[in-house]
Amino acid sequence: GQPVTAASYRGKLVLLYFGYTHCPDVCPLTLVHLHTVLQKMGRQADDVRVLFVTVDPARDTVPVLHQYVTAFDPRVVGLTGTQAAIAQLAKRYRAFYKPETPKTASGDYEVTHSSAIYVFDREGHARLLATPGSSNDEILHDLEILAGQSS
């Protein structure tokens, strides 16, 4: 429920992902993927923060986000904001998202979105872009290299 900036995570490795809690496929798979990587990192994972930025703030309230992301790993932080703030952040990283027209009588809808994982070093510099095709071991290897670099 508190505002955050890049400075909020200075000194930590940050994995930034844009998604939403009603996502039927790529979001839960990505969070399981990242949980596995964090588990393999052991104590080094204490210096990593996974930030899950919702692209569906209308449905993804703070409590909904918290319950969703912590079901995958307690170290994942769910972030939301105004539509404008989320759009600005997504534009900054060239992340795409677009809510689709509701397809059910209940008004449920999906949000088409990019699925990259943006990896930042301890100083907040973008260092890597992981994709759904990146293996756990590839991401783990890269994070271990970044974790070993001095802050």
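Rule-based calculations on the coordinates, nothing more; no lab input. Just so you know, these numbers come straight off a predicted model, no measurement behind them. All Cβ positions, even for glycine, are placed from backbone atoms using ideal geometry, and neighbour counts span all protein chains on display.
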message = Using only DSSP helix segments of four residues or longer, with each worth -39500 (n - 2.57), what per-residue ellipticity at 222 nm results for the chain after dividing by its residue count and rounding to 500?
response = -10500 deg cm²/dmol
ask   = Residues with amide H under 5 Å of Arg127's amide H, sequence separation 5 or more or different chain, H placed in the peptide plane at 1.01 Å from N; which?
value = Val119, Phe120, Asp121
query = Using Cα pairs under 8 angstrom and six or more residues apart, how large is the relative contact order of segment 87-151, in percent?
reply = 19 percent
note = Relative contact order as a percentage, segment 11-148, C-alpha pairs under 8 Å and 6+ apart, gives 33 percent
remark   = segment 11-148: antiparallel bridges as % of DSSP beta bridges, rounded to 5, reads 50 percent
Cβ charges +1 (Lys, Arg) and -1 (Asp, Glu), total dipole of the chain, debye = 400 debye
key: Cα-based reach from Lys12 at 21 Å (exclusive), listing lysines while leaving out same-chain residues under 8 positions away   = Lys40
inquiry  = Less than 16 Å from a label point 7 Å out along the Cα-to-Cβ axis of Arg92: which backbone N atoms in segment 4-37 qualify, by residue?
reply    = 4-12, 14-19
inquiry  = Which residue, Thr104, Gln2, Tyr20, has the largest displacement toward the positive end of the dipole of the chain when charges sit on each Cβ (Lys, Arg +1; Asp, Glu -1)?
reply    = Gln2
key: Vicinal HN-Hα couplings computed from phi for segment 5-13 (Karplus, 6.51 cos²θ - 1.76 cosθ + 1.60; Hz; Gly/Pro x)   = 9, 4, 5, 4, 10, 4, x, 10, 7
request  = Quick one: divide the alpha-carbon radius of gyration of segment 86-143 by 2.2 N^0.38 Å and tell me what you get.
outcome  = 1.50
message = Largest first, please: the extent of the C-alpha atoms of the chain along each principal axis, to the nearest Å.
response = 52, 28, 26
request  = Multiply the residue separation of His22 and Thr112 by 0.36 nm, subtract the distance between their alpha-carbon atoms, and state the gained length in nm to one decimal.
outcome  = 31.3 nm
request  = Take the alpha-carbon centre of segment 108-145, take the same for segment 45-92, and report the distance between them in whole Å.
outcome  = 15 Å
ask   = If a helix is a whole DSSP H run, which ones in the chain reach 15 Å or further along their own axis (Cα) and hold a mean Kyte-Doolittle hydropathy of at least 0.5?
value = 26-41, 62-72
ask   = Quick one: if the Förster radius is 35 Å, what FRET efficiency do Gln44 and Ala105 give, using the C-beta to C-beta distance and rounding to 0.05?
value = 0.15
